[in-house]
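Shown next, in structure tokens, is the structure this report addresses.
Every number here is computed from the coordinates shown, using simple stated rules; none is lab data. Keep in mind that what you see is a predicted model, and the values were worked out from it rather than measured. Glycine gets a Cβ as well: all are built from the backbone with ideal geometry, and neighbour counts include every protein chain shown.
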Amino acid sequence: MDLQGTFDARLEPVAEAFLDGFEAGRDVGASVAAYVGGDLVLNLWGGSVDRKRTEPWREDTLVCMFSITKAMTAICMLQAADRALLDLDRPVADYWPAFAARGKAAISTRHLMSHRAGLIGFHEPVGRDIYYNWQEMVDALANETPWWEPNSSHGYHARTFGYLLGEVLRRVTGIGVGRWFEREIANPLSLDFTIGVPEEDLARCAQIFPARIRPGEEKLWPESMGQMMADFYDTSTPTGAAFQNPALGPGYMNSDNFRLAEMPALNGHGTARSVAELYAKLKQLLSRDILNQATCTLSLGPDRVLKSLTRFGLGFQIFHEDAPIGVRAGSFGHSGAGGSMAFYDPEREIAFCFAMNQMQEGVVTGGTSAMKIANALYRCL
């Protein structure tokens, strides 16, 4: 494979770990970047953006990073709180009065950001087009009943996270997450990352390939993954409601409808370098106090949706040995469906992002390639 990009000479084993994903058949196209102490030390890309492997992955190829987007949305909310536009502990209904219906009057933005609100999906069937109609979606969420007593436990708000927080941000600032991110984060830092793809950039998007499950492979999954998959298609359960009511349909991530929409939990598109750079420059975006709040553990333990241990702060996944985001304790960030991962290690000042277009089944945090590359990076430093 024709490897592109640059890396410090001491990081040759990291480049080899990146190549291994292609040689092992895990990856079709991918990019990876890392900053150490604020300096770019690794920026690599390779493979193809299409299944036929006729179009090469380029430096400016955009790829959907799925739930890595949640951390971007969280940073927008934290900036608003930093500027006293938003009080994280006030009831959401103070900003969004209709939200108080059906037992939600006491839910705060802090509860939303830490996956403790219980609004993971809908009890009654809804059509998939609801995801492409912001007003219809937020009205439905305002009229929804929590799946558990808010703040009594936590469960991953896989898709609703972005709509819930985005509507709060819209009501306190007058603009949505996509515009806020562009104006306050991407443009000032010259980042190539957007929440919802501008029409002129659609041609730069890599195709995403769903996971291929080989016979018997599911036997290698952790027990918790088997438990989650047992409920995955049962929409009467929190897991099924979160992921399948409504189901977005096959190939949705490659449609223009999906790419053009603003879905602040799952359709951020960009380059690995831009995401790694954002983490490297977080201290330019957030005060020390709000960043400390964001990286304190608010939810830890069995996740009602994912059926495994998860650990969350304010929108960030926080490292736990049973749910690693990054390599070592103290790291925080977010993974994306299928195996992408971005994180920051404040002690070592390491910012990292790996993004790919061949999804891997059975992963909750970083996938095999992301973890192999990140571990190789730490061994070299």
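Any chance you could list P(r) for segment 272-381, counting all Cα-Cα pairs in 5 angstrom bins from zero, rounded to whole %?
2, 13, 22, 27, 19, 13, 4, 0
What residues have an amide H closer than 5 Å to that of SER299, excluding those fewer than 5 places away on the same chain, when H is modeled at 1.01 Å from N in the peptide plane?
PHE312
Let me check against my output: what whole-number percent is the relative contact order of the chain, with C-alpha pairs under 8 Å and at least 6 apart?
Here the relative contact order equals 25 percent.
In whole Å, what three semi-axes, largest first, describe the equivalent ellipsoid of segment 45-201 built from its Cα gyration tensor (square root of 5 times each eigenvalue)?
Three semi-axes, in Å: 31, 19, 14.
Can you list the residues, at least 5 places off or on another chain, whose amide H is less than 5 Å from the amide H of VAL41, using H built in the peptide plane?
Long-range HN contacts for VAL41: ALA34, TYR35, VAL36.
Stokes-Einstein D for the chain at 37 °C, 0.692 mPa s, Kirkwood Rh over Cα pairs, in µm²/s?
Using the Kirkwood radius from Cα pairs, D works out to 159 µm²/s.
Return the subset of LYS283/LYS307; LYS70/LYS283; LYS52/LYS372; LYS52/LYS307; LYS104/LYS283 for which the Cα-Cα distance in this structure is over 28 Å, preserving the input order.
In this structure, LYS283/LYS307; LYS52/LYS307; LYS104/LYS283 exceed 28 Å between Cα atoms.
Can you work out ³J(HN,Hα) from phi for every residue in segment 294-302, in order, using Karplus 6.51 cos²θ - 1.76 cosθ + 1.60 and θ = phi - 60°, giving whole Hz and x for Gly and Pro?
Whole-Hz 3J(HN,Hα) from phi for segment 294-302: 5, 9, 8, 6, 10, 9, 8, x, x.
Ranked highest first by average number of other Cβ atoms within 10 Å, how do 308-321, 284-297, 236-249 line up?
Per-residue mean Cβ counts within 10 Å order the peptides as 308-321, 236-249, 284-297.
Give the Cα extents of segment 51-99 along the principal axes, in whole Å, largest first.
53, 25, 11
Taking H placed 1.01 Å from N in the peptide plane, check which residues at least 5 places from ALA30 or on another chain put their amide H under 5 Å from its amide H.
It is GLY46, SER48, by chain and number.
Please report THR69, THR235 as a ranked list, fewest other C-beta atoms within 10 angstrom at the top and most at the bottom.
THR235, THR69
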